[in-house]
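One structure below.
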Amino acid sequence: METGSVGTFEDGTGRAEDEPVWTGLPRGLLRMRRLLLVVWLVPLTIATAVLPGWLAGPPWAAFALLPLGVLLWGWPVLGRNWRSWRYAERADDLLISRGVLWREETVVPYGRMQLVEVTSGPVERHFGLASVQLHTAAAASDARIPGLDPTEAERLRDHLTQLGEARSAGL
């Protein structure tokens, strides 16, 4: 294919062969985070309206607009943040990309992984979610993929562990 032309690549897919295939996070993570936002800010809004209004007078109840404003601002921000998370499994490494204003892309070579664990706290379990945590020799390069379906998290853990063992054996 010529340089600069538009069309499909030799494999017929419309993408370069070395271009990663990105996987986004399940929508359950967004639902969980938005529910937590509401669970924390609605009672805070009510308390901020009732207590100052009762103790200092009705004009002070206007402070309830602050947590309500945070709730209204946080709702779309959580959606943009959720859409920014994605990961891709390549032949030699795992890519994790995240961030809206400041994009961060982490590359974890399979041969450098020391531990891959799946965790799921009580709220995550309630929503049927789990997180995959990757540990490497360098503490700063540890990576995490939150909010996966538990079966996908276990599959990813097993697959990454298998690839890590194969790559580290060749070192």
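The values are calculated or read from the model by the stated rules, or taken from the named source; none is laboratory data. Just so we're clear, the structure is a prediction, and the values are computed from it rather than from any experiment. Ideal geometry is used to build each Cβ from the backbone, glycine not excepted, and the neighbour counts take in all protein chains shown. What goes into the accessible areas is simple: the full protein's heavy atoms, side chains included, and nothing from ligands, DNA or RNA. Shrake-Rupley method; radii C 1.70, N 1.55, O 1.52, S 1.80 Å.
One residue stands out among those in the range 96-115 that are of a type in the set (A, V, I, L, M) and surrounded by fewer than 17 Cβ atoms within 10 Å (Cβ to Cβ): the one that is farthest from TRP22 (Cα to Cα), which is LEU115. All but one of (1) surrounded by fewer than 14 Cβ atoms within 10 Å (Cβ to Cβ); (2) under 17 Å from the mean Cα position of the chain (by Cα) hold for PHE127; which doesn't? For PHE127, the failing item is (1).
This table checks each residue for (1) in contact with a helix residue (DSSP H, G or I) (Cβ under 8 Å, 6 or more places away or on another chain); (2) aliphatic (A, V, I, L, M).
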{"site": "ASP92", "(1), (2)": "yes, no"}
{"site": "VAL100", "(1), (2)": "yes, yes"}
{"site": "ARG112", "(1), (2)": "yes, no"}
{"site": "LEU115", "(1), (2)": "no, yes"}
{"site": "VAL123", "(1), (2)": "yes, yes"}
{"site": "LEU134", "(1), (2)": "yes, yes"}
{"site": "ARG157", "(1), (2)": "no, no"}
{"site": "LEU163", "(1), (2)": "yes, yes"}
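Among residues that are open to solvent by 70 Å² or more (accessible area, probe 1.4 Å), charged (D, E, K, R), modelled with pLDDT of 90 or more and assigned to a helix (DSSP H, G or I), ARG83 is included.
Screening PRO146 against (1) surrounded by 14 or more Cβ atoms within 10 Å (Cβ to Cβ); (2) out of contact with any strand residue (DSSP E or B) (no Cβ under 8 Å at 6 or more places or on another chain) leaves a single unmet condition, (2). Taking ALA61, is it free of Cβ contacts under 8 Å to residues at least 12 places away in the same chain, on the phi < 0 side of the Ramachandran plot and assigned to a helix (DSSP H, G or I)? No: the conditions fail for ALA61. Checked against the criterion of being within 13 Å of the chain's Cα centre (by Cα), open to solvent by less than 60 Å² (accessible area, probe 1.4 Å) and at pLDDT 80 or above, the range 30-49 contains one or more residues that satisfy it. With respect to being over 15 Å from the mean Cα position of the chain (by Cα) and in a strand (DSSP E or B), VAL108 fits the description.
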